[in-house]
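The values are calculated or read from the model by the stated rules, or taken from the named source; none is laboratory data. Small disclaimer: the values here were computed from a predicted structure and weren't measured. Don't worry about glycine lacking a Cβ; one is built from the backbone with ideal geometry, like all the others, and counts go over all protein chains shown. Just so you know, the surface numbers come from the protein's heavy atoms only, side chains and all, with ligands and any DNA or RNA stripped out. Shrake-Rupley method; radii C 1.70, N 1.55, O 1.52, S 1.80 Å.
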Amino acid sequence: MSVLVDCSELNKSYGRKQVLTKLNMKVESGRIIGLLGPNGSGKTTLIKILSGVLKKDSGEVSIMGLPIGIETKKIVSYLPERTYFSPSMKVKETLDFFEDFYKDFNRQTAEEMLGRLEISTESKIKELSKGTREKVQLVLVMSREAKLYLLDEPMGGVDPAARDYILRTILSNYNPEASIIISTHLISDVEKVLDEVVFVKNGQIVLQETVDQIRDKHQKSVDGLFREVFAC
Amino acid sequence: MEWKFNDETPIYLQIMEHIKTQIASGELKTNDKLPSVRELALEAGVNPNTMQKALSELEREGLVYSQRTAGRFVADMKNTADDLKESLAVQHMKEYLESMGKIGYPKQKAVELLAEYANKNSF
């Protein structure tokens, strides 16, 4: 296993508000990682820096040894918190969009997954419910053959049964050499698919351990430990 | 058998126990082929690395064996199922006595109550 993501002494602030403070994190390839932390802890900012939509202020960050830029965008598949497709687009057109943008997009995979979810490629985005829109976007993102998937709150708006389906989609589609970073509050739902968890607090990593280590050491689920570490 | 996981113990240990129960109950028999790591991981809804770890541990304990390209199989040991039954039974009994102890029943009383309950109720 090799280091896929390497952040060291990473700083980012919005105006006077410091969001990431000398953050250090290494992620190996072939891992599914939960990025967990309370609201405002810096999870989304970190994901945005890794995806290249935000620039760091200082520090080092690389993916497969490459600085963040065009080359890393080719190998990073990013699911933002919010959907960004125009409401008037048909699902089919979003597939065209991804096919145009990304060389590693596998249209057949995406169409199969949409079929299994019974989402018609002829529907318009505005005709879909919030949860279904989220599913479409996740299908697109997971249908890229990327090295790193960044999923920011992938299950925020979907019901528990669909959450299970989404997790299965993530598991079945993922290539063992790639890594997935999932930011979420629904810890107990994702816990069993994770290798590792990273706790973020005030812009720093306060814990990075495997799920088994946590259960072994603390006799607690990740959800239980999270509630303890971040008790208000 | 459905896959269910508790919050206290590592998931790979729970997977091991699940497969052991399948062997003990006869659901899995000697030389039965196990599905691939990927298939099993999907079925249980767990991370493939976790499933891999559980299977490697089972292999280390001698309950399953792998053949290079053909996959993993349930080991050929006459007494496996009996031994497993016994060790799983010990575990369940221990859990029962501990839970009863926590709510204030001494061991002897717990055993009596269980016998009484078993006599009254048929399953």
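Quick notes on this structure:
- Taking only protein heavy atoms and a 1.4 Å probe, the accessible area of the protein assembly as shown is 50% carbon and sulfur.
- Total accessible surface hidden between A and B, rounded to 100 Å², 1.4 Å probe: 1600
- Amide H partners (placed H, <5 Å) of A:LEU79, local residues excluded: A:LEU150, A:LEU151, A:ASP152
- Placed amide H near A:LYS201: partners under 5 Å, 5+ positions off or other chain: A:VAL206
- Segment B:80-120: C-alpha gyration tensor shape, a/c 1.5 cut-off, then a/b vs b/c: oblate
- Between helix B:48-60 and chain B: long-axis angle, C-alpha atoms, 0 to 90°, nearest 10: 80
- Pairs spanning more than 22 Å between alpha-carbon atoms, out of A:LYS43/A:LYS192; A:LYS26/A:LYS220; A:LYS26/A:LYS201; A:LYS220/B:LYS33; A:LYS126/A:LYS192: A:LYS26/A:LYS220; A:LYS220/B:LYS33; A:LYS126/A:LYS192.
- The residues of chain A expose, per residue, 47 Å² of accessible area to a 1.4 Å probe.
- Segment A:30-92: chymotrypsin sites (Phe, Trp or Tyr not before Pro) falling in loop per DSSP and having at most 15 other Cβ within 10 Å: A:TYR84
- For chain A, the 222 nm mean residue ellipticity estimated from helices alone, with every DSSP H stretch of n ≥ 4 adding -39500 (n - 2.57) and the total spread over all residues, rounds to -10000 deg cm²/dmol.
- Centre separation in Å (Cα based) which lies between segment A:204-232 and segment A:109-129: 37
- Long-range HN-HN contacts of A:ARG144 with modeled amide H, under 5 Å: A:ASN106
- With an a/c value under 1.5 for the gyration tensor axes a ≥ b ≥ c computed over the alpha-carbon atoms, segment B:11-74 is described as rounded.
- Expressed in Å, the radius of gyration and Dmax of the Cα atoms of segment A:134-205 are 12.2, 34.
- For the protein assembly as shown, the extents of the C-alpha atoms along the principal axes are 69, 45, 42 Å, listed from largest to smallest.
- Expressed to the nearest 5 percent, the antiparallel share of DSSP beta bridges inside the protein assembly as shown is 60 percent.
- Of the residues making up segment B:1-33, those losing 40 Å² or more of accessible area when the isolated chain is joined by the remaining protein chains, with a 1.4 Å probe, are B:ASP7, B:GLU8, B:PRO10, B:ILE11.
- The aspartates and glutamates within cross-link reach of A:LYS22, meaning a Cα-to-Cα straight distance under 12 Å and a gap of 8 or more places when in the same chain, are A:GLU9, A:ASP57, A:GLU60.
- Separation of segment A:41-74 and segment B:46-95, taken as the distance between their Cα centroids, equals 43 angstrom.
- Among B:GLN14, B:GLN22, B:GLN67, the residue with the largest mean-square fluctuation in a Gaussian network model of chain B, with springs joining Cα atoms closer than 10 Å, is B:GLN67.
- The GluC sites (Glu not before Pro) of segment A:101-167 that meet both conditions, a loop assignment by DSSP and at most 11 other Cβ atoms within 10 Å of the site Cβ, are A:GLU118, A:GLU122.
- Solvent exposure of segment B:11-74, expressed per residue, is 47 Å² of accessible area, with all protein chains present and a 1.4 angstrom probe.
- The angle separating the long axis of helix A:160-173 from the principal Cα axis of greatest extent in chain A is about 90 degrees.
- Comparing A:TYR165, A:TYR149, A:TYR174 in a Gaussian network model of chain A, where Cα atoms under 10 Å apart are tied by springs, the biggest mean-square fluctuation is seen for A:TYR165.
- Heavy-atom accessible area per residue - segment B:80-120, 1.4 Å, Å²: 82
- For segment A:17-25, putting each phi into the Karplus relation 6.51 cos²θ - 1.76 cosθ + 1.60 with θ = phi - 60° gives couplings of 8, 7, 9, 10, 10, 6, 7, 10, 7 Hz, in residue order, rounded to whole numbers and with x for Gly and Pro.
- Computed extension length for B:LYS102-B:LYS120: 4.1 nm, one decimal, from 0.36 nm per residue of separation with the Cα-Cα distance subtracted.
- Comparing B:LYS109, B:LYS85, B:LYS20 in a Gaussian network model of chain B (Cα springs below 10 Å), the most mobile by mean-square fluctuation is B:LYS109.
- Partners for A:LYS217 among aspartates and glutamates (Cα-Cα distance below 15 Å; same-chain residues under 8 apart left out): A:GLU196, A:GLU209, A:GLU228, B:ASP7, B:GLU8
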